[in-house]
Amino acid sequence: MQPPLAERGIDLSSSQVYRLVTERPERLSLKVLMALLDILDCSMDDLIEPVASASSTAKPKRAVGDADTSVGSFRPKRARIVPRPET
């Protein structure tokens, strides 16, 4: 795998190539991905299986009830500054 990658301007160590082939990569540059697609003569759908992330499947939490949940109810009351009475 190293020689075909090197022909396309990608220099990976033997350990990087081993991890790329045997493990699920955490991240992959587009340049490496495009080189792999060219070397293997396949499409992106052949190499990558889309999986929904946990954050995209979770429904947003919403407040329930009749209570006023606007920011206005959490704001402090405005202080009124008055001059000291003369003694």
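When PHE74 is tested against (1) surrounded by 10 or more Cβ atoms within 10 Å (Cβ to Cβ); (2) at pLDDT below 85, exactly one condition is not met: (1).
Residue pairs whose Cβ atoms lie under 6 Å apart, separated by 6 or more positions or on different chains, with the first residue in region 17-30 and touching a residue at least 24 places away in the same chain (Cβ under 8 Å) and the second among the aliphatic types (A, V, I, L, M) and not in a loop (DSSP other than H, G, I, E, B), do not occur. In region 13-32, what residues are closer than 14 Å to GLN2 by Cα and surrounded by 11 or more Cβ atoms within 10 Å (Cβ to Cβ)? Those that are closer than 14 Å to GLN2 by Cα and surrounded by 11 or more Cβ atoms within 10 Å (Cβ to Cβ): GLN16, VAL17, TYR18, ARG19, LEU20, VAL32.
Taking region 1-40 as the range and being assigned to a loop (DSSP other than H, G, I, E, B) and among the small types (Gly, Ala, Ser) as the test, the residues that pass are GLY9, SER13, SER29.
Screening THR69 against (1) surrounded by 10 or more Cβ atoms within 10 Å (Cβ to Cβ); (2) at pLDDT below 75; (3) not in a loop (DSSP other than H, G, I, E, B) leaves a single unmet condition, (3).
The values are calculated or read from the model by the stated rules, or taken from the named source; none is laboratory data. These numbers come from a predicted model, not from an experiment. Positions of Cβ are backbone-derived with ideal geometry, glycine not excepted, and every protein chain shown enters the neighbour counts.
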